[in-house]
Amino acid sequence: MRTSPFSQFSFFVWFLFGMTINQQTKYLQEIKQREKSEVMLRKNQQLLELFVRRAPAAIAMLDCQMHYLLVSDYELLRARLCFLKR
């Protein structure tokens with residue numbers, strides 16, 4: 001069951017109503033800072049992915065369980081060529 005945006009908004013207003021003005025200001029500033037941080041993180045992730053994918057070298061990023069996270073296009077091309085030679 002989905003809640004309506006109005007009920008979420010009314011809860012938010014009720015939540016802020018119990019706070020002092022300084023607490024409300026600090027709370028809203030923390031939300032804005034978190035949103036800015038999330039935007040910067042997404043931009044950095046996109047930049048890293050673009051760098052890895054377009055690098056003129058074989059680059060692969062693996063996690064702790066040795067699963068591929070990112071692979072450069074050059075590495076994919078090299079792997080295909082090696083597979084075709086067999």
Practice item. Take the residues in segment 12-63 that are small (G, A, S) and in a loop (DSSP other than H, G, I, E, B), then tell me which one is modelled with the lowest pLDDT. Key: G18
Check your understanding: If you scan segment 18-40, which residues turn out to be under 30 Å from M61 (Cβ atoms) and open to solvent by less than 100 Å² (accessible area, probe 1.4 Å)?
Key -> S37, E38, V39
Check your understanding: When F9 is evaluated against the numbered criteria (1) open to solvent by 90 Å² or more (accessible area, probe 1.4 Å); (2) within 25 Å of the chain's Cα centre (by Cα); (3) modelled with pLDDT under 85; (4) aromatic (F, W, Y), which criterion, by number, is the only one it fails?
Key -> (2)
**Study point:** All positions within segment 41-68 that are open to solvent by 100 Å² or more (accessible area, probe 1.4 Å) and in contact with a helix residue (DSSP H, G or I) (Cβ under 9 Å, 6 or more places away or on another chain)
**Key:** R54, P56
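The values are calculated or read from the model by the stated rules, or taken from the named source; none is laboratory data. Quantities reported herein were computed from a predicted structural model and do not represent experimental measurements. Neighbour counts run over all protein chains shown; Cβ positions are idealised from the backbone, glycine included. We work out accessible area using only protein heavy atoms, side chains counted, and drop any ligands, DNA or RNA first. Shrake-Rupley method; radii C 1.70, N 1.55, O 1.52, S 1.80 Å.
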